[in-house]
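J.: I have a structure I would like to understand better, so I am pasting it below and will then ask my questions one at a time.
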Amino acid sequence: MRLIPILTLALALAAFGAACQNQTGGTAANSNANANTAAATTDHSGHDMSNMKGHDMSNMNASTGGAHDHGNEMTSAPGAADQPYDLQFIDSMIHHHEGALQMAKMVLGKTERQEVKTFAQKISDDQAKEMEQMRRWRDEWFAGKPAALNMELPGMKGGTEMMNSAHMKDMDEMDPAHFDGHFLSMMIKHHEGAVEMAKDAQRRAERPEIKQIAQEIVREQEAEIRQMRAWKAKWKE
């Protein structure tokens with residue numbers, strides 16, 4: 001009869017040991033799952049991508065963590081405002097320029113005016129060149145730094161607010177006779193945002209190279225704004 005309590009105790013200890021083993025295995029599995037989740041939200045440069053949920057990752061720029069998804073409102077990268085100003089300007093202006101390139105590409109397939117095609121191609125060429133320069137500076141000065149896209153910089157929101165999926169779809173489906181004027185209105189607003197950003201950089205940037213490219217952006221895009229306004233006034237006649 002004394003064997004019964006001993007047998008009962010042995011069975012209880014065995015059950016307790018199995019429970020502990022299951023708990024340890026579950027903890028390890030959870031740890032692995034958490035590690036996989038963290039890896040999925042960090043790109044090969046170590047940038048935190050979790051804030052980009054809902055954006056088109058196929059257009060992701062590896063150096064800036066920026067993305068274009070016109071169906072969603074773009075948000076600043078986590079901690080962007082705490083990064084050096086020059087890095088914020090580079091990442092944000094690259095993102096801003098990408099919008100101009102998208103609009104210029106649309107123009108080349110829609111407009112019937114040769115002067116507008118030539119103008120759109122110039123915008124595309126100039127801003128692609130500036131983007132490449134800024135990417136080189138980022139690699140040289142801020143290698144390994146996380147994304148610093150800051151939508152709160154002066155000119156960022158105003159320059160991109162019209163570039164949403166509905167608006168771009170309307171432009172794509174617009175009759176060529178009405179397309180040019182609509183494009184000019186959008187690009188004027190977009191340029192005004194870039195000029196505002198560049199003037200802010202002329203005051204706040206630390207590196208002379210940033211001040212110089214900001215000065216060039218102001219000069220070139222203010223001239224283009226004047227040209228676009230002149231066309232709008234002429235075509236209304």
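The values are calculated or read from the model by the stated rules, or taken from the named source; none is laboratory data. Nothing here was measured: the structure is a model prediction, and the numbers come from that model. Cβ sites come from the backbone with ideal geometry, for glycine too, and all protein chains shown count toward neighbours.
J.: May I ask you to list pairs of residues, at least six apart or on different chains, whose Cβ atoms are under 7 Å apart, with the first in the stretch 111-134 being over 14 Å from E220 (Cβ atoms) and the second being aromatic (F, W, Y)?
T.: T111/F179
J.: Let me ask something additional. Could you check the stretch 86-137 and list, in sequence order, the residues that are assigned to a helix (DSSP H, G or I), surrounded by fewer than 20 Cβ atoms within 10 Å (Cβ to Cβ) and among the charged types (D, E, K, R)?
T.: Correct list: K105, E115, K117, K122, D125, D126, K129, E130, E132, R135, R136.
J.: Might you let me know whether the stretch 69-85 holds any residue that is under 20 Å from E130 (Cβ atoms), in contact with a helix residue (DSSP H, G or I) (Cβ under 7 Å, 6 or more places away or on another chain) and either assigned to a helix (DSSP H, G or I) or at pLDDT 95 or above (or both)?
T.: Yes, some residue in the stretch 69-85 is under 20 Å from E130 (Cβ atoms), in contact with a helix residue (DSSP H, G or I) (Cβ under 7 Å, 6 or more places away or on another chain) and either assigned to a helix (DSSP H, G or I) or at pLDDT 95 or above (or both).
J.: Within the stretch 187-196, identify whether any single residue is in contact (Cβ under 8 Å) with a residue 40 or more places away in the chain and either under 20 Å from Q114 (Cα atoms) or more than 20 Å from the chain's Cα centre (by Cα) (or both), and answer yes or no.
T.: For the stretch 187-196, residues in contact (Cβ under 8 Å) with a residue 40 or more places away in the chain and either under 20 Å from Q114 (Cα atoms) or more than 20 Å from the chain's Cα centre (by Cα) (or both): present.
J.: Here's a follow-up. Test T111 against the stated conditions and say whether it is at pLDDT below 95 and out of contact with any Phe, Trp or Tyr (no Cβ under 9 Å at 6 or more places or on another chain).
T.: no
J.: With respect to R203, determine if the residue is in contact with an Asp or Glu (Cβ under 6 Å, 6 or more places away or on another chain) and farther than 19 Å from F119 by Cα.
T.: Taking the combined requirement at face value, the residue does not satisfy it.
J.: Something else about it: Give the number of residues within the stretch 138-176 that are at pLDDT 80 or above, assigned to a loop (DSSP other than H, G, I, E, B) and hydrophobic (A, V, I, L, M, F, W, C).
T.: Result for the stretch 138-176: 8.
J.: A further question follows. Only one of these is among the small types (G, A, S), in a helix (DSSP H, G or I) and farther than 16 Å from M93 by Cα: A233, A201, A194, A214. Name it.
T.: Step by step, each of A233, A201, A194, A214 is checked, and only A233 is among the small types (G, A, S), in a helix (DSSP H, G or I) and farther than 16 Å from M93 by Cα.
J.: Another one. Condition (residue is over 19 Å from S76 (Cα atoms), surrounded by fewer than 20 Cβ atoms within 10 Å (Cβ to Cβ) and not hydroxyl-bearing (S, T, Y)) applied to the stretch 141-160: is it met by at least one residue?
T.: Taking every residue of the stretch 141-160 in turn, at least one turns out to be over 19 Å from S76 (Cα atoms), surrounded by fewer than 20 Cβ atoms within 10 Å (Cβ to Cβ) and not hydroxyl-bearing (S, T, Y).
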